[in-house]
Amino acid sequence: MKALITILGILFLLISVGLVVIILLQKSKEDGLSGAITGQSTDSFYSKSGGNLSKDKFLARLTIVLGVSFAVIAVVMSVLIRALGGI
């Protein structure tokens, strides 16, 4: 049982590092404070390319998968540790 917790802990660590990296790779969807005040957008219709859209969608879906995996492993590890009476 402790081996399972160790394996889940290592997987938990890898997922958390991967989640941080994937989030940092994503582009910001906001224009910042200046765009909110003036209502202007820095992107024009012609500056957007279709290639980046598929990368952004992939990163967004990967973020969701890693986030759900992070939450599930956290709950499973909590239940296992509680069943053992703490480590």
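The values are calculated or read from the model by the stated rules, or taken from the named source; none is laboratory data. Note that the structure is predicted; figures quoted are calculated from it, not measured. Here Cβ is always computed from backbone atoms with ideal geometry, including for glycine, and neighbour counts include all displayed protein chains.
Worth a mention:
- Residue pairs meeting the criteria (Cβ under 9 Å; at least 6 apart or on separate chains; first at pLDDT 90 or above, in the stretch 52-71; second outside any helix (DSSP H, G or I)): Leu59/Gln26; Leu59/Lys27; Ala60/Gln26; Thr63/Gln26
- Test for Leu4: is it part of a helix (DSSP H, G or I), more than 14 Å from the chain's Cα centre (by Cα) and either surrounded by 10 or more Cβ atoms within 10 Å (Cβ to Cβ) or at pLDDT 95 or above (or both): yes
- Taking the criterion of being among the small types (Gly, Ala, Ser) and either at pLDDT 95 or above or in contact with a helix residue (DSSP H, G or I) (Cβ under 8 Å, 6 or more places away or on another chain) (or both), the residues of the stretch 7-50 that qualify are Gly9, Ser16, Gly18, Ser41.
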